[in-house]
Amino acid sequence: MEMRTEELRAAARKSLDECLADSVVPKELWPDIEAWLVETGLGAIYLEGREAVGAWWASREVARLGYAINFAKCGCLPGNWFPEGENWLLAQAEAKLRLVADWETLITNAALERI
């Protein structure tokens, strides 16, 4: 069982590394993403890099508004909020549009918690 866990961790790490390398996410943010995934434990849940980065990005955005996302309740795939585009600013704008489109679902599912 432990070997399988290690294999999953290695696969998740590889997926995250490849996702970040192929993205417009600034390299200086990569350590923050990795630390957040460990601190929150979501790195063990979102094993695909796109999902993990999308969760980190959305969490950061809603925190600016004074909320936290309860991902267990959200009913949305965090990969939808993955910032992608021609550059970091456009990627964030596109991701924000997708997050806003899911906002009603987050509210309906009581997935936004005031911090």
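The values are calculated or read from the model by the stated rules, or taken from the named source; none is laboratory data. The structure presented is a predicted model; accordingly, all values stated were derived computationally and were not measured. Quick note on the areas: whole protein, heavy atoms, side chains included, nothing else; ligands and nucleic acids left out. Shrake-Rupley method; radii C 1.70, N 1.55, O 1.52, S 1.80 Å.
Observations on the model:
- If you run the Gaussian network model on the chain, springs between alpha carbon atoms under 10 Å, then out of K27, K96, K14 the most flexible one is K27.
- Amide H contacts for Y67 (H built 1.01 Å from N in the peptide plane; partners 5 or more residues away or on another chain; cut-off under 5 Å): I115.
- Taking every Cα-Cα distance in the stretch 1-56 and sorting them into 10 Å bins starting at zero, the pair-distance distribution P(r) comes out as 25, 57, 16, 2 percent.
- 21 Å Cα-Cα reach of K14 towards lysines, excluding residues that sit fewer than 8 places from it in its own chain: K27
- Where V100, V62, V24 fall by accessible area, highest first, once all protein chains stay in place (1.4 Å): V100, V24, V62
- For K96, the aspartates and glutamates whose Cα comes closer than 18 Å to its Cα, not counting residues fewer than 8 places off in the same chain, are E51, E61, E84, E86, E104.
- Residues E28, E86, sorted by accessible area with the largest first, give E86, E28 [1.4 Å probe; ligands and nucleic acids excluded].
- Here the stretch 41-94 was treated as a single set of alpha-carbon atoms; its pair distances binned every 10 Å from 0 give 25, 55, 20, 0 percent.
- For the stretch 33-47, Karplus couplings with θ = phi - 60° (6.51, -1.76, 1.60), whole Hz, Gly/Pro x: 4, 4, 5, 4, 4, 6, 4, 7, x, 6, x, 8, 9, 9, 7
- Based on alpha carbons, the Rg and Dmax found for the chain are 14.1, 43 Å.
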